[in-house]
Amino acid sequence: MGAKVTPIFCDCTSQNQSLCPDKIMMDVVVGELSLQVDLEADIELDTPAIDIKDIDKKVVLEQCEFISVDNSSSKCDCGVVNGKVFLGGYVRKNIRYSAVDYAHDDGICGGIKHCTVNVPFNCVVPVEDSKVSVSHTEKGTMDFHGRKLQEFNQLISESYNEPVECCINNVTFKERDLFRNQVPLTYGPKTEKSFCVIREKMVIIMDLTLIQKRKVDSCLIISSNTGC
């Protein structure tokens, strides 16, 4: 038999707070970083190929989680936070290649095929002197009255912050694709070989901006725009 809850009392009271018209919610840049991702993977084609025509690439981020670390070495007391960003995602690759449909002693015939694959990556990178707003749960007194397990008091106060998001500003790919397990054609020119596996070695260089939603004084925005 599972746990059961029997409601006894519930009531809600509220206290209206005056709304300040000078406060707006907006995205604020809290950090910037450049990072390098090194990865290696095998990509298997569905049919034999004799060469690669071109490869289109795009980075897709699926995870961007900021974790604060209490070891700030900054000398200024200006609310800077050191931390680490857990990144995860994949490189979407569309590969166009020449397939082998028919071969004879004088040449090879075939169509141009394509294969789209996702090459995953995960990494953790340090971020120094960011402006990320972080708050931790504060727990108050917790005690058992008279050391008897009959009553338990607990006071918990928790502040909620908007999550940090990553915005990709620039991506540079440096890669080398090696054809694995090349085999001579059964029929066709003796110098030609086919392959089904591509060994990919890639270095990805990304520039990221860390963004977090904040309440901002609109007067400060107007002043900065007017140069005051």
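Computed quantities for the displayed model
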| quantity | calculated |
| --- | --- |
| Top-ranked residue in region 141-159 [being surrounded by 10 or more Cβ atoms within 10 Å (Cβ to Cβ) and in a strand (DSSP E or B); ranked as modelled with the highest pLDDT] | Asn153 |
| Candidates Leu178, Leu210, filtered to the one that is crowded, with 16+ Cβ neighbours inside 10 Å and in contact with a strand residue (DSSP E or B) (Cβ under 8 Å, 6 or more places away or on another chain) | Leu210 |
| Given (1) surrounded by fewer than 17 Cβ atoms within 10 Å (Cβ to Cβ); (2) at pLDDT below 90, index of the condition Ala103 fails | (1) |
| Among (1) in contact with a strand residue (DSSP E or B) (Cβ under 7 Å, 6 or more places away or on another chain); (2) open to solvent by less than 100 Å² (accessible area, probe 1.4 Å); (3) at pLDDT below 80 - the single one Ser73 does not satisfy | (1) |
| Any hit, region 40-51, residues being open to solvent by less than 40 Å² (accessible area, probe 1.4 Å), part of a strand (DSSP E or B), modelled with pLDDT of 90 or more and touching a Leu at 6+ places or on another chain (Cβ under 6 Å) | no |
| Filter pass, Val216 being open to solvent by 70 Å² or more (accessible area, probe 1.4 Å) and over 30 Å from Asn122 (Cβ atoms) | no |
| Index of the failed condition, Asp129 passing every other in (1) over 27 Å from Phe86 (Cα atoms); (2) modelled with pLDDT under 90 | (1) |
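The values are calculated or read from the model by the stated rules, or taken from the named source; none is laboratory data. These numbers come from a predicted model, not from an experiment. Please note: Cβ atoms are built from the backbone with ideal geometry, for glycine as well, and neighbour counts cover all protein chains shown. Please note that ligands, DNA and RNA were not included when accessible areas were found on the heavy atoms of the full protein model with its side chains. Shrake-Rupley method; radii C 1.70, N 1.55, O 1.52, S 1.80 Å.
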